[in-house]
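Please treat every number below as a calculation from the coordinates, not as lab data. Just so it is clear, the model here is predicted, and its values are computed rather than measured. Heads up, the Cβs are rebuilt from the backbone with ideal geometry, glycines too, and the neighbour counts pull from every protein chain shown.
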Amino acid sequence: MPEHKQPGPPKDLSGYLSAMARVMFQTGISWRVVDAKWPGISEAFHGFEPRRVARLTTKDIDRLMQDTRVIRNRKKLEAITSNAGHMLELDAQHRGFNRYLDSLGDFDATKRDLHKQFAFMGEAGTWYFLWMVGRKVPEHENM
């Protein structure tokens, strides 16, 4: 992955879901492939508007599995839909997804909870997601 300046917190919930989906797709795939397909992926997932994504059906996933704009990994496509629902719940419970993240405490506690709450959020992916949404993360060597 190229060196980039750390982004700040997303402006809305779709920004958090987009960051999470990007991390999920980049797991096991070259970031260059994900970058090249990202505009099509974003369009196919309705700009990662969580309410729309959470309502995707099995039939919608079947359609996405035929869509050359996306990375056609059924488990990841289904997980994005499921994660959108969890994100909406946490956003409502905490009156903001950023407040949910704030409530978790330090990096290790946040990492554990994200891994528990969301599919395809392993150790490295969680670190990258938190970095992408402007959260404080330890150096890679200290993970």
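Ordering of 52-64, 68-80 by packing is 68-80, 52-64, highest average first (other Cβ atoms within 10 Å, averaged per residue). Electrostatic bookkeeping for Glu43 treats Lys and Arg as +1 and Asp and Glu as -1; over the other residues with beta carbon under 11 Å from its beta carbon, the sum is +1. For the stretch 13-134, the dipole from Cβ point charges (+1 on Lys and Arg, -1 on Asp and Glu) about the Cα centre works out to 380 debye, to the nearest 20. Summary value for the stretch 13-134: 29 percent relative contact order, contacts being C-alpha pairs under 8 angstrom separated by 6+ residues.
Mean residue ellipticity at 222 nm from the helices of the chain, using -39,500 (n - 2.57) per DSSP H segment of n ≥ 4 over the full residue count, to the nearest 500 deg cm²/dmol?
Value at 222 nm, helices only, nearest 500: -19000 deg cm²/dmol.
Amide H to amide H distances under 5 Å link Thr27 with no residue, where only residues 5 or more positions off or on other chains count and H is placed in the peptide plane. Note on Ser30 and Arg99: their simple-model spin labels are 4.4 nm apart, each label 7 Å out from Cα toward Cβ.
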